[in-house]
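The values are calculated or read from the model by the stated rules, or taken from the named source; none is laboratory data. Predicted model only: the values in this text are computed from it and were never measured. Don't worry about glycine lacking a Cβ; one is built from the backbone with ideal geometry, like all the others, and counts go over all protein chains shown. Each accessible area value is taken on the protein alone, full model and side chains, heavy atoms only, with ligands, DNA and RNA left out. Shrake-Rupley method; radii C 1.70, N 1.55, O 1.52, S 1.80 Å.
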Amino acid sequence: MVNFDYDVCVVGAGPVGSTISYYLSLEGLSVVLLDKKTKIGYPLQCAGILSNHINDVNELPKDIILNKVKGAFIHSPNHILTVEKDDDAAYIIDRIAYDQFLLNRAIDNGVKLINKKAVDFDIDEGSVILKNGEIIKSKIIVGCDGPNSVLSRYIGNTQDRFQASQLLVKISPEDMMSYRGVSEYSMDFVDVCLLEETLPGFLWFIPIGNDLYRMGMFSNESHKVQSEILADYLKKNNLKFEIIEKYKGFIPIFNKNNDMVKSRAVLIGDAAGHIKPTSGGGLLIAFNACKWACEYILEAIEKDDLTILEKYPDKIMDEYQKEFSYQIKVQNALCMLTDDDIDYLFMKLKKNDGEKLISEYGDMDTQSLLIKESLKRGLVFKVMPSFLFKKIGKLFGF
């Protein structure tokens, strides 16, 4: 009979690892949380914007919210669309403080934190081998160790990723008003920029207060090239800027053929590719996944039946496969566009009440609502460049 040190060993003490650890500890399980970092949350690798649906899936202290936004200026190379909700649509958060809040919440509920790196596994035996040679044995191993997940790689998954670069910049109100083509300054809007050279990703400005913005992008390009694109974009748009900090990271690409469960191993969040294809965001998906994974892990341990864990990937696919499929189609369609095509699309959207439709049906988390409504109203047929109609039509089946 195997002697286990813990019921569950969670690898990765980011927001997802801390959250699943907390949920499991609430159920009375013994949980150890591993992370190679001594200071959780550093370096920043996230844009730090969450839709207001965060309140439905996890706790978010008010003092961690830096700003609230209700709309967006969406830029093509030469046109701008303005979309706006009646109420706050998203929160800009202090992501480092949020990571540390979630970690402390778990520790306060009895989770043990060990600041050591996991380097190898035996998922049949439940063994996690640390860099110093120490071995931890648990009934279940949960991988929340990000887009470079050691556990995901161990169980044989492919790890395709986009690269992401971000700057913390200070830009004057006058320059931002000129860039947006408005006469009134507001920190209530993000800016999203679609450019041929960034596709299938995009470029963003996220206001955090005091004329400070997180400016970043994700794409297939290297971090070095991305840095050049960001700097060139600021200069081309006559945005005088002061760079305060620089960050870089990776965004995993969802692969439905990857395993989320194998033997005693379970993957959640970036480690499992739980990422919205169009935006690269995934924290809310991961928080939902934590609740479902907790349920099945608890049942598997109580009944001593690892096959129960297979319910978890089935639940994820039931909830998100259709949405991911829509977003992948949108992503593939965008990759067909040149800068001229994007300008044409924006011009047509403006003429055909596209801003109103996006304002009403646009949602950071469920983008299929807008796609379905656009198809229902025939807007797609009005705005799409005619020479691309057949190619893009095949993606969506019309």
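Taking the range 64-104 as the range and being farther than 28 Å from T19 by Cβ and acidic (D, E) as the test, the residues that pass are E84, D86. Among the strands (runs of 3 or more DSSP E) confined to the range 116-184, the ones with at least 2 residues that are open to solvent by 20 Å² or more (accessible area, probe 1.4 Å) are located at 118-122, 135-143, 161-171. Taken together, I316, I308, I297 contain a single residue that is among the β-branched types (V, I, T), in contact (Cβ under 8 Å) with a residue 60 or more places away in the chain and in a helix (DSSP H, G or I), which is I297.
Within the range 185-198, the residues that satisfy the criterion of being open to solvent by 20 Å² or more (accessible area, probe 1.4 Å) and either outside any strand (DSSP E or B) or over 17 Å from L81 (Cβ atoms) (or both) are Y185, S186, M187, D188, L194, E196, E197.
Being more than 26 Å from G143 (Cα to Cα), open to solvent by less than 50 Å² (accessible area, probe 1.4 Å) and assigned to a loop (DSSP other than H, G, I, E, B) holds for only one residue in L239, L230, and it is L239. For the range 91-113, filtering for residues that are among the β-branched types (V, I, T), farther than 25 Å from G209 by Cβ and either out of contact with any Ser or Thr (no Cβ under 8 Å at 6 or more places or on another chain) or surrounded by fewer than 17 Cβ atoms within 10 Å (Cβ to Cβ) (or both) leaves 1.
Of all residues in the range 155-190, those satisfying the criterion of being hydroxyl-bearing (S, T, Y) and free of Cβ contacts under 8 Å to residues at least 60 places away in the same chain are S183, Y185, S186.
Pairs are defined by a Cβ separation below 6 Å, a sequence spacing of at least 6 or placement on different chains, a first member in the range 93-114 that is of a type in the set (S, T, N, Q), and a second member that is open to solvent by 20 Å² or more (accessible area, probe 1.4 Å); the pairs so defined are N109/Y22. Looking across the range 52-74, the residues that are of a type in the set (V, I, T), open to solvent by less than 20 Å² (accessible area, probe 1.4 Å) and in contact with a strand residue (DSSP E or B) (Cβ under 9 Å, 6 or more places away or on another chain) come down to I54, I64, V69. Taking the range 32-62 as the range and being within 16 Å of the chain's Cα centre (by Cα) and in a loop (DSSP other than H, G, I, E, B) as the test, the residues that pass are G41, L44, Q45, C46, A47, G48, N52, H53, N58.
Per the conditions (1) under 30 Å from K139 (Cβ atoms); (2) out of contact with any Phe, Trp or Tyr (no Cβ under 8 Å at 6 or more places or on another chain), the sole criterion not satisfied by E221 is (1).
Could you say whether any residue in the range 333-340 is without any contact (Cβ under 8 Å) to a residue 60 or more places away in the chain and surrounded by fewer than 17 Cβ atoms within 10 Å (Cβ to Cβ)? Yes; the residues of the range 333-340 include at least one that is without any contact (Cβ under 8 Å) to a residue 60 or more places away in the chain and surrounded by fewer than 17 Cβ atoms within 10 Å (Cβ to Cβ).
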